[in-house]
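Any read-out appearing in this document is the output of simple, stated calculations on the displayed coordinates, not a laboratory observation. Note that this is a predicted model, so its numbers are computed, not measured. Note that each Cβ is placed from the backbone with ideal geometry, even for glycine, and that neighbours are counted across all protein chains shown.
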Amino acid sequence: MLQLKIPNIKVPNKVFTGVYEFLQKIAPYSPDNKYLEGPFAPVPYERVETDLEVIGTIPAALSGTYARIGPNPINVKNPGKHHWFLGDGMVHGIKIKNGKFVWYRNRWIGSDTVNDAFNRPHAPGPRNGIFDIVNTNVFGHAGRIWASIEAGTLPVELDAEFETVKHGLFDSDQIAPYTAHPHLDPATGELHAVTYSATQLNYVQYIVVDADAKVTKIESIPLNRQPMIHDCAITQKYVLVFDFPVLLSVKGMISGESVPYHWRENSYSRVGVMPRNGTAADIRWCTLDPCYVFHSCNAFDQDDGSIVLDAVVHEHMFKEREGGPEVAATTFERWTLHPETGTVDRKVISDVLQEFPRFDERLSTKPYRYAYTIGASLDFTDDHPLYRHDLLTGETIVRNFGANVNPKEVNFVPRHADAAEDDGWLLTFVTNAANQTTDFVILDAQDMLGEPVARVRLPWQMPLGFHSNWIAD
Ligand SMILES: [Fe+2]
């Protein structure tokens, strides 16, 4: 593919902030905004509950925190312009000790906006210009808890009770955009990520953070466009760079859109295969028809030099619905990347609307058998089942929770360190829109259709949110 050489350009944050805020002011933008009501509705409080009803028996082997994060805007200046992706972050969590429920708590992430609203001091640590809000993922690393988002903002460290400790690129003083989706290599303990920012024109970055939360590599990767990159994938040899045609739109910026990224018709999708220990000059691109991927599942190297990548694939994104995203058509697919020829073989594993693929992450970068997804329609009267895809037999198990009862992202926790791939539990929050409640649910992964092993009953509805993780003690 012919590539024009465009130099890397970093727009000063003050310039970007000024232009962005000016355009927001002069160009009112009013999408069909459902992001402040129904399943998106923010909760107006922080609370701690230690006396919730537990049905069943929480496995004694479980000790840790189940944390979930999503947008929970505290002070929306212009509801017509509010976008789901941009609200202040809030973490919800369940603490379990030796199989006993200890607490539920929720806390806003300490952005300056949130701390101003509560008359709290600003949290320490650097900011990347205007970017201060994180709301997309919360995960454990280096024995600590971190929350993160894409597109320019630095991660935030939280303490064990979700109070904000500091902002910053882990334990580095460097300012570089991060992502909601770093990938842990279980063999090295490193986090690998591909990151982008609207202020970094025509390049993205590959960032490696070691097992002690130190940044050990930042490699700039030139692109000749500015895609929205939500995720990446890693194998034992490579990091996979997603370059799909959802691009920063000058028209969207001038229109004052809060998330000015648009689908580009008649463009291309490609996955860059870059050696983890190499540089951008070593990338080989594998090209395929236009599509979009928010989330990869797992990826691994094969003996013949090809690479397997499993992902939820959207036919298009930010095309149909002003202020998107739209969930029009998704497939869970297995791609085989051939770096030698630059081609991709695509195989559809499942063609129902689904998202948030997860698996037994002890097997990250290795062949694996089971992938879990959930129904992803943005019509919340639809059923949102939990799916388990058996990648060996092709069989899919479907667990339906019922009308208006929706599981959120599911996490697999092994019974013990050496347990088999499906020998453990599936953890999730399940919301019931009809009676405005939420259950923290533990399923036996080998009996996914059976009665839950345990449920903790929350008598309120948790907002839709984005991602969750089990953070073992
Ligand atoms: Fe995500």
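For the Cα trace of region 24-137, dividing Rg by the Kirkwood Rh returns an Rg/Rh value of 1.06. Phi angles of region 154-162 translate, via the Karplus equation with coefficients 6.51, -1.76, 1.60 and θ = phi - 60°, into HN-Hα couplings of 7, x, 10, 8, 10, 8, 5, 10, 6 Hz per residue; Gly and Pro are given as x.
In this label model, R144 and N277 are separated by 2.8 nm, measuring between points 7 Å along each Cα→Cβ vector.
The order of the peptides 293-303, 404-414 by mean Cβ neighbours within 10 Å, most packed first, is 404-414, 293-303. Summed over qualifying helices (DSSP H, 4 residues or more, each -39500 (n - 2.57)) and divided by its residue number, the chain shows a 222 nm mean residue ellipticity of -1500 deg cm²/dmol. How charged is the neighbourhood of V453? Take every other residue with its Cβ under 10 Å from the Cβ of V453, and add Lys/Arg as +1 and Asp/Glu as -1. That sum, taken over residues with Cβ under 10 Å, equals -2.
Per-residue 3J(HN,Hα) values for region 358-375, derived from phi via the Karplus relation 6.51 cos²θ - 1.76 cosθ + 1.60 with θ = phi - 60°, read 9, 7, 6, 6, 4, 9, 4, 6, 10, x, 8, 10, 10, 10, 10, 9, 10, x Hz in sequence order (x marks Gly and Pro).
How far is the Cα center of region 186-225 from the Cα center of region 83-114, in Å? For region 186-225 versus region 83-114, the Cα centre distance is 26 Å. Were the residues from D304 through E451 laid out at 0.36 nm apart, the gain over their Cα-Cα distance would be 48.6 nm. In terms of other Cβ atoms within 10 Å, I471, I145 run from fewest to most in the order I471, I145. Note on A403 and D173: with the Förster distance fixed at 41 Å, the Cβ-Cβ geometry gives a FRET efficiency of about 0.20. Here the label points at A117 and T57, each 7 Å from Cα along the C-beta direction, are separated by 4.2 nm in the simple model.
Amide H to amide H, with H built 1.01 Å from N, T216 comes under 5 Å of V208, V209, D210, counting only residues 5 or more places away or on other chains. Local charge for G143 was computed over the other residues whose Cβ lies under 14 Å away, with Lys and Arg +1 and Asp and Glu -1, and equals -4.
The label point for V48 and the one for D289, both projected 7 Å from the Cα toward the Cβ, are 5.5 nm apart. Among residues other than T365 with Cβ under 13 Å from its Cβ, the summed charge is -2 (Lys and Arg +1, Asp and Glu -1). In percent, rounded to a whole number, the relative contact order of region 9-472 is 13, using alpha-carbon pairs under 8 Å and six or more apart. Averaging 1/r across all pairs of distinct Cα atoms in region 367-466 and inverting the result yields a Kirkwood radius of 14.1 Å. For the chain, the convex hull drawn through the C-alpha positions has a volume of 136 cubic angstrom per residue.
For region 109-153, the C-alpha radius of gyration divided by 2.2 N^0.38 Å, with N the number of residues, is 1.21. Within a straight-line Cα-Cα reach of under 17 Å, K34 can be paired with the following aspartates and glutamates, leaving aside sequence neighbours fewer than 8 residues apart in one chain: D88, E257, E320, E322, E326, D379, D382. Amide H contacts under 5 Å for G89: N72, I109, V134, restricted to partners 5 or more places along the chain or on a different chain, H placed in the peptide plane at 1.01 Å from N. For region 64-75, 3J(HN,Hα) computed residue by residue from phi via the Karplus equation (6.51, -1.76, 1.60; θ = phi - 60°) reads x, 10, 9, 10, 9, 9, x, x, 8, x, 9, 8 Hz, glycine and proline entered as x.
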